[in-house]
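Here is the structure we will look at.
The values are calculated or read from the model by the stated rules, or taken from the named source; none is laboratory data. The shown structure was predicted, so the numbers you read here are calculated from the model rather than taken from an experiment. Neighbour counts are summed over all protein chains in view; Cβ atoms, including those assigned to glycine, are modelled from backbone coordinates with ideal geometry. Just the protein is used for accessible areas: all its heavy atoms, side chains included, with ligands, DNA and RNA removed. Shrake-Rupley method; radii C 1.70, N 1.55, O 1.52, S 1.80 Å.
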Amino acid sequence: MDLKGTRSLKLNDGHCMPVLGFGTYAPEEVPKSKAREATQVAIDVGFRHIDSAYAYQNEEEVGEVIRTKMADGTVRREDLFYTTKLWATFFRPELVRQGLERSLKKLGLDYVDLIILHIPIPVKPGEDLLPMDASGKVILDTVDLCQTWEVECHPYLNQQKLLDFCRARDIVLVAYSALGSQRDPRWIRQDSPYLLEEPVLTAIAKKHGRSPGQVALRYQLQRGVVVLAKSFSEKRIKENFQAFDFELTPEDMKAIDGLNRNFRYFTMDFGIGHPNYPFDDEY
């Protein structure tokens, strides 16, 4: 897919989703005010896709920024694509609306553009929010209403098989942890490899006069993956948006493809004991 000149992909319902999104998750010890400050910088820089969640507990701050930027004329609501996520406590069909309304109230917005099931592994067999088989897995061939799948995806876990599956079914793949991941001990093993120090990425970055992070983001854009960039640093936020400003060569893309080792930063230890743990099926 040639993304030069375009910054969005069309979902299967006809709406467009910006291909580069701003992620707002932060560990609990980071003040919520940081989400407010970073989201403001992101919108000012040019991000029009904001990704948050009920579980992040920062939608009040993010919503405040969005409303302020609408009020001062920086953006119109229709210029923004906002994603929230439904936590597992709201997966029962009769609770879905309640979960969405809680997010809308915190945001102070009339609607969101996309709502995602957040970590859907706890759904039990027999619950009919999504079609399940007897083991509790989503029946993939019946997810016709699915527009996006947001998954961990980076050069060490490029999810090529899942990407091919999604393309065949007109589903957009969204990458989180595209730059590796913060070493949050609740989720990430502290001895995990540091993606942004990967020699292949640093060599390609040097060749293009870019940062390894920009290369990792550009890699996803050229694969046709919607990619989320998360940072609370003003300098990094600006750098991340510059992923539109250069292109990787076919040789660069092949070299980065070669980094895949099916390595997951997120171990999901809270799921130990679940019959599908460690949740590392290819899809």
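Quick rundown of the values:
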quantity: The stretch 189-275 shape via C-alpha gyration tensor axes, a/c threshold 1.5; calculated: prolate
quantity: The chain - convex hull of the alpha-carbon atoms, volume per residue in Å³; calculated: 132 Å³
quantity: Separation of the H274 and R169 label points, Cα + 7 Å toward Cβ, nm; calculated: 1.8 nm
quantity: 16 Å cut-off, amide nitrogen to a point 7 angstrom out along F246 Cα→Cβ, residues in the stretch 216-232; calculated: 216-222
quantity: The chain, accessible area per residue, ligands and nucleic acids excluded (1.4 Å, Å²); calculated: 50 Å²
quantity: Gained length - K235 relative to S192, 0.36 nm times residue gap less alpha-carbon distance; calculated: 13.0 nm
quantity: Rounded, prolate or oblate (a/c below 1.5 giving rounded, otherwise prolate when a/b exceeds b/c) for the stretch 16-111 by Cα gyration tensor; calculated: prolate
quantity: Two-decimal ratio, the stretch 64-114, of alpha-carbon radius of gyration to 2.2 N^0.38 Å; calculated: 1.28
quantity: Segment Q98-Q57, length gained on full extension (0.36 nm per residue, minus Cα span); calculated: 13.2 nm
quantity: Listed residue pairs exceeding 29 Å between alpha carbons, taken from K10/K230; K32/K206; K32/K254; K161/K230; K207/K230; calculated: K32/K206; K32/K254
quantity: Where GluC sites (Glu not before Pro) fall in DSSP loop in the stretch 14-43, at most 10 other Cβ within 10 Å; calculated: E28, E29
quantity: Fraction of accessible area attributable to carbon and sulfur, the chain (%, probe 1.4 Å); calculated: 51 percent
quantity: FRET E, pair T89, D110, Förster distance 41 Å, beta-carbon r, rounded to 0.05; calculated: 0.95
quantity: With DNA, RNA and ligands ignored, accessible area of I204 (1.4 Å probe; Å², nearest 10); calculated: 10 Å²
